[in-house]
Amino acid sequence: MIETSLLDKAKKIRLLISDVDGVLTSGVLYYNAHGSEIKDFNVHDGLGMKLLQKSGVHLAIITAKQSEAVTIRMHDLNIKHVYQGQSNKLIAYEELKHLLNVNDAEIAYIADDLPDLPLLRRVGLPVSVPNAPHIIREHAAWVTDAAGGKGAVRELCDFIMKAQGTYDSLIDAYLRG
């Protein structure tokens, strides 16, 4: 059962920011024989993000690493606000707030590790994946059931859409075929 205060927070969300490694991926790093990084994105997360965009919520990525795989995947998902190589994630966060004219209470952030802590402490809806260290889960208002890279972002997208009353109309298009 989701508590009322959590639903109230989700109703206000106009921007969802996600970390990448350990949130949109399992956090396992793969390298091919040529040293190129390979990431394991979950298709359910991708569809959830597309639906959330259709509902009117902006999406952004802020990640400490720079990766061509992230660039390609975010392009596929039509996510325009992609900040890679961000050792201090607060800089990108403040830029997004200004650019999209949103305040802290209107932002959700889903995270998994220590570099995410400053954002978790600022946003209106701080969310953690269950495989995150205890300190991160402690600072989250909600911990997803699904692990990072295993549908956690989809779970959050669905939750926000349900709280905002947009979920059913978006799903109806699939039910009608």
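The values are calculated or read from the model by the stated rules, or taken from the named source; none is laboratory data. It should be emphasised that the depicted structure is a prediction, and the values quoted were computed from it without experimental measurement. Glycine gets a Cβ as well: all are built from the backbone with ideal geometry, and neighbour counts include every protein chain shown.
Of the conditions (1) modelled with pLDDT under 95; (2) over 19 Å from Gly46 (Cβ atoms), Glu68 fails just one. Which one is it?
It is condition (2) that Glu68 fails.
Within region 104-114, track down each residue that is in contact (Cβ under 8 Å) with a residue 60 or more places away in the chain and under 19 Å from Lys65 (Cα atoms).
Tyr109, Ile110, Ala111, Asp112, Asp113
Looking at the structure I just gave you, is His81 in contact with a helix residue (DSSP H, G or I) (Cβ under 8 Å, 6 or more places away or on another chain) and either farther than 16 Å from Val23 by Cα or touching a residue at least 24 places away in the same chain (Cβ under 8 Å) (or both)?
yes
Would you please name the residue that is surrounded by the fewest Cβ atoms within 10 Å (Cβ to Cβ), looking only at residues in region 1-46 that are over 17 Å from Ser67 (Cα atoms) and among the basic types (Lys, Arg)?
Out of the qualifying residues, it is Lys11.
One residue is enough: does region 47-65 have a residue meeting the conditions touching an Asp or Glu at 6+ places or on another chain (Cβ under 9 Å), among the polar types (S, T, N, Q) and surrounded by 17 or more Cβ atoms within 10 Å (Cβ to Cβ)?
yes
If the Cβ limit is 7 Å and pairs must be 6+ apart or interchain, which residue in region 90-103 that is within 18 Å of Asp116 (Cβ to Cβ) and small (Gly, Ala, Ser) pairs with which residue that is at pLDDT 95 or above and surrounded by 12 or more Cβ atoms within 10 Å (Cβ to Cβ)?
These pairs meet every condition: Ala92/Ile62; Ala92/Tyr83; Ala92/Gln86.
Within region 142-158, is even one residue surrounded by fewer than 22 Cβ atoms within 10 Å (Cβ to Cβ), over 22 Å from Lys12 (Cβ atoms) and of a type in the set (Lys, Arg)?
Yes, some residue in region 142-158 is surrounded by fewer than 22 Cβ atoms within 10 Å (Cβ to Cβ), over 22 Å from Lys12 (Cβ atoms) and of a type in the set (Lys, Arg).
Pairs please, first residue from region 116-142 and aromatic (Phe, Trp, Tyr), second anywhere and in a helix (DSSP H, G or I), Cβ atoms under 7 Å, 6+ apart in sequence or on different chains.
Final answer for the pair search is Trp142/Leu6.
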